[in-house]
Ligand code: ADP
């Protein structure tokens with residue numbers, strides 16, 4: 001139970017937030033945002049109050065994945081009201097910038113922007129704040145671990161060695177900054193042919209399980225490479241919201257039960 005090790009590592013608790021879960025990956029493109037969004041929705045469907053913070057400063061995907069493109073309102077000229085979709089409270093750097101502008105900021109600007117998103121969003125009594133991190137082990141991860149008590153992290157990887165190498169670095173980073181790793185999610189683990197039903201391990205087998213074993217952390221589950229998951233994300237209606245009784249949605253619920 002992650003509530004048992006809440007308030008660890010960081011300094012200032014976030015107002016109105018009970019548990020903070022960071023979703024991380026070594027490489028980009030492995031499905032970290034897809035996992036963040038569907039995990040948040042699964043927790044929300046279980047009855048929790050859930051917020052989702054898109055901290056992927058260089059490539060915010062939450063606005064597209066949840067179909068939200070407004071600018072947040074400010075109450076007192078400073079703090080921002082989270083936007084909402086499917087019952088989730090949302091904040092993303094993507095709400096504040098022109099989506100076609102490249103993010104070419106230097107470290108200190110990244111750090112201050114994240115600090116602002118964290119501290120100046122008026123979250124309303126959240127049981128969970130899910131934070132979608134940028135890939136890798138950079139400024140955002142360090143800032144988070146220094147500024148807020150992250151309850152735990154979820155590592156998303158695909159099964160092939162090039163992704164696992166970077167995922168290991170991510171796991172070691174969380175160990176160093178004393179953020180508990182709640183477990184590993186293996187994404188795109190097999191592909192099921194929509195024509196013939198043949199199942200193929202395109203990116204190799206059991207990489208996520210082996211990674212979890214190596215670091216003695218739980219293996220939280222595996223998601224197939226499924227064109228519907230991709231299509232639903234692109235449409236702004238993620239799988240857990242669009243097809244709540246599907247096999248894939250069930251897998252996200254299984255992950256939610258373990259965090
Ligand atoms: P990351 O956050 O790691 O960069 P994303 O979650 O943005 O990765 O996913 C990258 C792309 O892969 C997106 O187009 C997404 O819809 C797609 N995708 C993610 N997971 C799956 C999956 N299990 N099956 C099919 N497509 C997926």
**Report entry** For residue 102: the one exception among (1) over 30 Å from residue 209 (Cβ atoms); (2) part of a loop (DSSP other than H, G, I, E, B); (3) within 16 Å of the ligand (Cβ to nearest atom)
**Finding:** (3)
Requested in this report: Determine which member of the set 18, 27 is surrounded by fewer than 24 Cβ atoms within 10 Å (Cβ to Cβ) and more than 16 Å from the ligand (Cβ to nearest atom).
Outcome: 18
Query raised in the report: Scanning the stretch 201-227 for residues that are assigned to a helix (DSSP H, G or I) and touching a helix residue (DSSP H, G or I) at 6+ places or on another chain (Cβ under 7 Å), which turns out farthest from the ligand (Cβ to nearest atom)?
Result: 215
**Report entry** Which listed residue, of 187, 178, is surrounded by fewer than 18 Cβ atoms within 10 Å (Cβ to Cβ) and touching a helix residue (DSSP H, G or I) at 6+ places or on another chain (Cβ under 9 Å)
**Finding:** 178
Report summary line: Within the stretch 243-252, residues being outside any loop (DSSP other than H, G, I, E, B), surrounded by fewer than 20 Cβ atoms within 10 Å (Cβ to Cβ) and in contact with a helix residue (DSSP H, G or I) (Cβ under 7 Å, 6 or more places away or on another chain) number 1
Report task. Taking the options 155, 179, name whichever one is within 23 Å of residue 91 (Cβ to Cβ) and within 14 Å of the ligand (Cβ to nearest atom). Result -> 155
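Condition check ((1) outside any helix (DSSP H, G or I); (2) modelled with pLDDT under 95; (3) away from the ligand (no atom under 16 Å from the Cβ)) across all residues:
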position	(1), (2), (3)
10	yes, yes, yes
23	yes, no, no
37	no, no, no
89	yes, no, yes
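For residues in the stretch 169-197 being in a helix (DSSP H, G or I) and free of Cβ contacts under 8 Å to residues at least 60 places away in the same chain, which is farthest from the chain's Cα centre (by Cα)? Write out each step before concluding.
Just the residues of the stretch 169-197 that are in a helix (DSSP H, G or I), to begin with: 169-176.
Pick out the ones that are also free of Cβ contacts under 8 Å to residues at least 60 places away in the same chain and you get 171-173, 175-176.
Working: 171: 15, 172: 18, 173: 17, 175: 18, 176: 20 Å.
Here the residue is 176.
The values are calculated or read from the model by the stated rules, or taken from the named source; none is laboratory data. Computed from a prediction, not measured in an experiment: that's the story for all the values here. Glycine also receives a Cβ, built like all others from the backbone with ideal geometry; neighbour counts cover every protein chain displayed.
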